[in-house]
1. I need the phi-derived Karplus couplings for region A:112-120: 6.51 cos²θ - 1.76 cosθ + 1.60, θ = phi - 60°, integer Hz, Gly and Pro marked x.
2. Around B:V179, under 11 Å between beta carbons, what's the net of Lys plus Arg minus Asp minus Glu among the other residues?
3. Shortest first, in nm, what separates the label point of A:L202 from those of the same position in the other copies (7 Å along Cα→Cβ)?
4. If the only charges are +1 at each Lys and Arg Cβ and -1 at each Asp and Glu Cβ, what is the size of the charge dipole of region A:137-244 around the Cα centre, to the nearest 20 debye?
5. Which single residue of chain B puts its beta carbon nearest to the axis of rotation relating B to A, and what distance, in whole Å, does that give?
6. Which whole number gives the average, over all residues in C:108-121, of C-beta atoms from other chains lying within 10 Å of the residue C-beta?
7. Could you work out what % of the accessible surface of the protein assembly as shown is carbon and sulfur, using a 1.4 angstrom probe and leaving DNA, RNA and ligands out of the count?
8. Please list, by residue number, every one of the GluC sites (Glu not before Pro) in region A:30-66 that is coil in DSSP and has at most 11 other beta-carbon atoms within 10 Å.
Amino acid sequence: MTDIQLDADGRLRHLITTQGLPRALISQILDTAESFVPEVGRPARKVPLLRGKTVFNLFFENSTRTRTTFELAAKRLSADVINMDVAHSSRSKGEDDLDTLFTLQAMGADIFAIRHPDNGAAARFAEHAAPHVAIINAGDGSHAHPTQALLDVFTIRRHRPDFANLRVAIVGDVAHSRVAHSTIYALRTLGTTDIRVIGPELFLPADPQALGVSATTDTHAGLDSADIVMGLRIQRERIEGDILAEVADYHARFGLTAANLSHANDRALIMHPGPINRGVEITADIAYGEQSVILEQVRNGIAVRMAVMALIAGKRDSRSQRANSQT
Amino acid sequence: MTDIQLDADGRLRHLITTQGLPRALISQILDTAESFVPEVGRPARKVPLLRGKTVFNLFFENSTRTRTTFELAAKRLSADVINMDVAHSSRSKGEDDLDTLFTLQAMGADIFAIRHPDNGAAARFAEHAAPHVAIINAGDGSHAHPTQALLDVFTIRRHRPDFANLRVAIVGDVAHSRVAHSTIYALRTLGTTDIRVIGPELFLPADPQALGVSATTDTHAGLDSADIVMGLRIQRERIEGDILAEVADYHARFGLTAANLSHANDRALIMHPGPINRGVEITADIAYGEQSVILEQVRNGIAVRMAVMALIAGKRDSRSQRANSQT
Amino acid sequence: MTDIQLDADGRLRHLITTQGLPRALISQILDTAESFVPEVGRPARKVPLLRGKTVFNLFFENSTRTRTTFELAAKRLSADVINMDVAHSSRSKGEDDLDTLFTLQAMGADIFAIRHPDNGAAARFAEHAAPHVAIINAGDGSHAHPTQALLDVFTIRRHRPDFANLRVAIVGDVAHSRVAHSTIYALRTLGTTDIRVIGPELFLPADPQALGVSATTDTHAGLDSADIVMGLRIQRERIEGDILAEVADYHARFGLTAANLSHANDRALIMHPGPINRGVEITADIAYGEQSVILEQVRNGIAVRMAVMALIAGKRDSRSQRANSQT
């Protein structure tokens, strides 16, 4: 999986997953993102790094919020942005997706941010993309959501830069969460070894050890002395359905509440990928409380996506120039 | 209601309603709008006043036409524009709206144009907005639609600047019209005292005196010598339903027809917020006739929305700079 | 039909149809488009020809792909672009469409790209458009799709410039295809006389002679020695319905397959307006094979649409300036 993300010189070519993404590249992305974070209360700056480039937000799955973050990031880099919401029926075949890719490439797309319901879809697009075209995975199935993971570790680094000595607790449906998987891979690459995942049995990953985490259904034990507490968005359907009637008490047992958080480090950072379900996986008091960095995550998300696009597009230009000078 | 719209120095901070909006501010908006009206048949000019700023069109209620006017106004000011159509189900709670506000603020929004089905929604957003963020009400429930009111009085001022001696007749469902309410408040602030509202009993406001208007079901009496005749868009459902079966003759009795308009001033301006229902509240001959300024209203609507955004954003900058110099 | 497309000096004013469009104008569009084609693998260039102008993509019929080509073309010319998807119910009347036109003109539209389900809709808009506003037909009913036709002949000209000695075969539902009609008219104007249309009886035009083509149900005969083979997108519903059960073997008989194409010139160009139905009217091998110019058509489509907009808008400016200097 790593190979496809890097070019022959080891530089970022596509962004598909944080799994196997080299530490130096993660650091480069985070360092670049620093320059794009606006001061609090100041308007965002616009930079001309992608002027003349065209970014397609190609969403096979509806997500207004995520699409907007990519749209804003691209516009702040002065790119032209095309939003395409593509119906993806169960009848659609992978070949149709590739036809779409080839067609939009022919229209002059430079970067695609792709959201897709199928695991592995982004890698598939990257395998077939033209040499001058880059793919950024904006979430594929339950597989990966690398820009969310990068904004998570970026936000953590700004407050707790010592990744090696960090205790991280992730609470919720880790088994089905592309966010949790991608963030865990990024944290481990940055040196974090103490990662606990917490949730009811059905939400825990099948093989925690392979993932490099410890898993528990005991919230208090899992949160014990945690420096970072990350809640995941809960699909109400999953909890309230018949199968999970036994977790009707989800909020009390696994919610980010004052009571549960009393077990964590009392300076623990509270994180959540959003949008939050008040009263389900988190209370509003906690979400907007002093320890919360949830809105910082949103703000940083724009900067991190700008960094990824800028690194990939700058990269691509130098490659094109080399190719050009040889002909 | 007024307070939230103004900053400590009495300058425009948000635009929520024309009720209580000071006359000096209305005049400032209209004067500013003058500079943004293109000559007839000439392309609109683009100005850099909002370069680097991000305007969100946050529509909880679908309205392609109104959204487009805000989008065009923002683009002509060189802002980046993000269109977000947000589903607002009956299950949605106000807290969800605020979470959306906080999230989009964190993404770097500078101005929101908000359309919402609930009365008072825009004020609620303004109460919770960050200091550097401005809210413009693009229509909330049956409460207010201030930019429409401002374009109405702007259009009137260009033709009949003597507001104090103006006879204005508004015909249609005034009781449920945010446009009518907002325009009446603006006219009264500008000095107009003779405002008549005309329609079937069910369409008349409960307390015309409180609104500062006279009300009548007699179209001919209401239109007598009127200088301005403003039709309102009729929801066909409301007329054709059982309750209002007695107004099946709506067009004949209350439509802006040549026959009915013969009672008005023969140089009366014909106005309508659009889109028109031909043959219901107006005939096409009248809508596109010599006395009609309906298309001027549309053109002026862009200029007025540009003026509101420019005044608010210019304002915001100087405030930020002051805040900055203190730290 | 021609008149409305040209101004008094015979220059392009609107683009409604290729039927009757003078050869000199077609050549001018194609020559202009040449300057807008990016080198392969290089990012598209952006030019300021439409800076300050506003292009409305007014789509009464959903087509994300075609809309995107107009959006990209306009953005590469530095225009502001407004996308409007307008629901067109069976209850809608032509008057409503004109009200929409008049309203959007008043908002400052300079160019409309209009897609509409009704034959003749684009011409109707052009008849009623203001003097400074141009209409480009982006497909109306089964009538015309002139920009597709122009990109077809542009693509052909780059490979086979000798139109007079060209053998062109068009395979599919020519009877209902606006693409086929528009391309046939353009080819004939450029001097092509040998045009064959191929398909099952129900897909053949009622009067081939009037159209200037020969028609056959015999694919092998129709493809014999063809220099250009153009497949049309098939609506699966049309083939699989009861009426056409006898053409369940459509792919074998009429598909662009290696077997069928063995009858064409062995250097024949393979064309298709896209998006393709793999395994219905074409095989993937052929669509992406050496003879295929299908993706070139997509790329050229942006350049041709840029050319049309640039010629119309440049035209309009000089007209406005003249008008201005007289007043």
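1. The phi angles translate into 10, 9, 10, 10, 8, x, 9, 4, x Hz.
2. Net local charge, B:V179 excluded: 0.
3. Its label point is 4.9, 4.9 nm from the equivalent points in the other copies.
4. The calculated dipole for region A:137-244 is roughly 440 debye.
5. Of all Cβ atoms in chain B, the one nearest the axis gives B:N83, 5.
6. 1
7. Ligands and nucleic acids excluded, carbon and sulfur reach 48 percent.
8. In loop regions of region A:30-66 (DSSP not H, G, I, E or B), the sparsely surrounded GluC sites (Glu not before Pro) are A:E39.
The values are calculated or read from the model by the stated rules, or taken from the named source; none is laboratory data. All values reported here derive from a predicted model rather than from experimental measurement. Every residue, glycine among them, receives a Cβ derived from its backbone with ideal geometry; neighbour counts consider all protein chains shown. Calculation scope for accessible area: heavy atoms of the full protein, side chains included, ligands and nucleic acids excluded. Shrake-Rupley method; radii C 1.70, N 1.55, O 1.52, S 1.80 Å.
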